[in-house]
1. Give just the number: which of (1) more than 24 Å from residue 192 (Cβ to Cβ); (2) modelled with pLDDT of 95 or more; (3) part of a helix (DSSP H, G or I); (4) not aromatic (Phe, Trp, Tyr) does residue 86 not satisfy?
2. Restricting to the range 40-69, what's the tally of residues that are closer than 22 Å to residue 12 by Cα and part of a loop (DSSP other than H, G, I, E, B)?
3. For residues that are hydrophobic (A, V, I, L, M, F, W, C) and modelled with pLDDT under 95, scanning just the range 170-190, find the one that is nearest to residue 104 (Cα to Cα).
4. Which of the residues spanning the range 166-190 are within 13 Å of residue 28 (Cα to Cα) and without any contact (Cβ under 8 Å) to a residue 24 or more places away in the chain?
5. With (1) on the phi < 0 side of the Ramachandran plot; (2) in contact (Cβ under 8 Å) with a residue 12 or more places away in the chain as the list, and residue 81 as the residue in question, which single condition is left unmet?
6. Only residues that are among the charged types (D, E, K, R), more than 29 Å from residue 92 (Cβ to Cβ) and surrounded by 13 or more Cβ atoms within 10 Å (Cβ to Cβ): list them for the range 23-45, please.
7. Can you tell me how many residues in the range 14-43 are modelled with pLDDT of 95 or more and of a type in the set (Gly, Ala, Ser)?
8. Quick one: is residue 48 buried (at least 22 other Cβ atoms within 10 Å of the Cβ) and at positive phi?
Amino acid sequence: MQSTDNYKKHTTGSPLQQFLIDRFFSTLFTEIKKLQPESILDVGCGEGFTLQKLKDKGIGKKLEGIEYLARAIEIGNQIHPGLKLKQGDIYNLPYKDNEFDLVLCTEVLEHLEDPESALKELKRVAQRYCVISVPNEPWFMLGNFLRGKNLSRWGNDIEHIGHWTHAGIKKFVGKELAVVTAQAPLPWSILVGEK
């Protein structure tokens, strides 16, 4: 099966990488659970790994995912057939204003040429909260470099256009939302923003 980078990340055999991913999810779900959302939209949901974990933990009643890559949706529908996943564009989400209690966007903004417009669109469809995560630089690149990934690019992922420090992403999100919490499970930043 032809897979995506996201699929490979979530199905890694590396104990260290799996440990970091598990820590990330533990932090993410602790933050989301505090907000008690009934409805959650995962923008840039990939194959639905995060949504499936939310469903398994009983967090949220209405869960939906939207993803740009058709291949990711195809894989997601095969491995998570009980999820509602569809293809779409972060800059033009096919939802009404304030449609979801919480809009989740993990590891997406660093891939975008216009993250400002994307953040405004996430805010538009959120009734109250947006939860955003990005790689925390320079730690993310350093981690890649130390494990021999993307050496010629000093650990920078070839698809990453934007790079944020923990303080930088707080400032960026703070332009549109009130930052309620900001966590830094190495090597990511996770922010909860409120409208």
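The values are calculated or read from the model by the stated rules, or taken from the named source; none is laboratory data. Predicted, not measured: the structure shown is a model, and the values here were computed from it. Using ideal geometry, Cβ is built from the backbone for each residue, glycine included, and neighbour counts are taken over all protein chains shown.
1. Here residue 86 clears every test but (3).
2. Residues flagged as closer than 22 Å to residue 12 by Cα and part of a loop (DSSP other than H, G, I, E, B) within the range 40-69 amount to 7.
3. Step one: list which residues in the range 170-190 are hydrophobic (A, V, I, L, M, F, W, C), which gives 172-173, 177-180, 182, 184, 186, 188, 190.
Adding the requirement that they be modelled with pLDDT under 95 leaves 184, 186, 188.
On the way: 184: 16, 186: 19, 188: 15 Å.
Only one residue tops the list, namely 188.
4. 182
5. (2)
6. Hits for the range 23-45 are 23, 33.
7. Of the residues in the range 14-43, 2 are modelled with pLDDT of 95 or more and of a type in the set (Gly, Ala, Ser).
8. Values: buried (at least 22 other Cβ atoms within 10 Å of the Cβ): yes; at positive phi: yes.
Yes: the conditions hold for residue 48.
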